[in-house]
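Quick notes on the structure that follows.
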Amino acid sequence: MVEIFSTDNIIFSIGGQGVSLVEILSVASGLTCVYLATKAKVANFWMGYLYNILLFILFYQKGLYSSMLVQPISFIINFYGHYRWTHPGAGEENSKKQLKVTLMSNPKRVYFVLQTLIISLVWGFALMNIDDLFPSLFSEPQRPMLDAFVTVVILTAQYLSAQKKLECWAAWLTVNITNITLYILAGMAFLPMVSAAYLVLAFFGFTMWRKAWKENN
């Protein structure tokens, strides 16, 4: 198992950067998960569990510790979303007896934006010192502020997705644009291209969910 997920297990190279098996598996599970989410398929959560595990390993290898540490939390949110989608409350279900797509109020949108920015700053400063606090576990973090920001936005996007809020796709678009920058700065060549594919899927997801919202509201 250790050899399979080793950073030395390079399958091919892009732009002088090696692409490992764990990176390829992460991309495959991630794209499948997002595609199923755009179609509002409950099966996206099962792929999401695998995606969380693979990302935990990948980000540890790349020194992106904020993104790594958030995976257990992401796993829990994924489980919560799985339950919410399949157990809607009274008046929350669509024609398929699953949670329907809804919109947030403007005050709620402002709240989430401010909360994301504040938590990102606090976590970013903490992350800058993680290698000093735990030198035996972590090397110097890569782009801690940007890493912290994208981590918090991912959690926000996941929570909104779990609630089936249409605004989740705006958060995912922000995540994908930021990830392209973060991955390039971290020396990755493959994942930035994958994030571009996620961008396309996010636009597709917004369109599909907006159609579902109009049909059920």
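Every number in this text was worked out from the coordinates using simple rules, so none of it is lab data. No experiment lies behind these values; they were computed from the predicted model shown. Every residue, glycine as well, gets a Cβ built from its backbone with ideal geometry; the counts of neighbours run over all protein chains shown.
Some points to look at:
- In terms of overall dimensions, segment 143-217 has a Cα radius of gyration and Dmax of 13.5, 45 angstrom.
- Stretchable slack from residue 41 to residue 145, in nm (0.36 nm times residue separation minus alpha-carbon distance): 34.1 nm
- Packing-based exposure ordering (other Cβ within 10 Å, fewest first) of 169, 46: 46, 169
- Extension gain (nm, one decimal) between residue 189 and residue 61, 0.36 nm per residue minus Cα-Cα: 44.6 nm
- Along its first, second and third principal axes, ordered by size, segment 37-115 spans 45, 32, 19 Å in Cα coordinates.
- Fewest-first ranking of 82, 87, using other Cβ atoms within 10 Å as the exposure measure: 87, 82
- Spin-label model distance (nm) - residue 103 vs residue 122, 7 Å beyond Cα toward Cβ: 3.1
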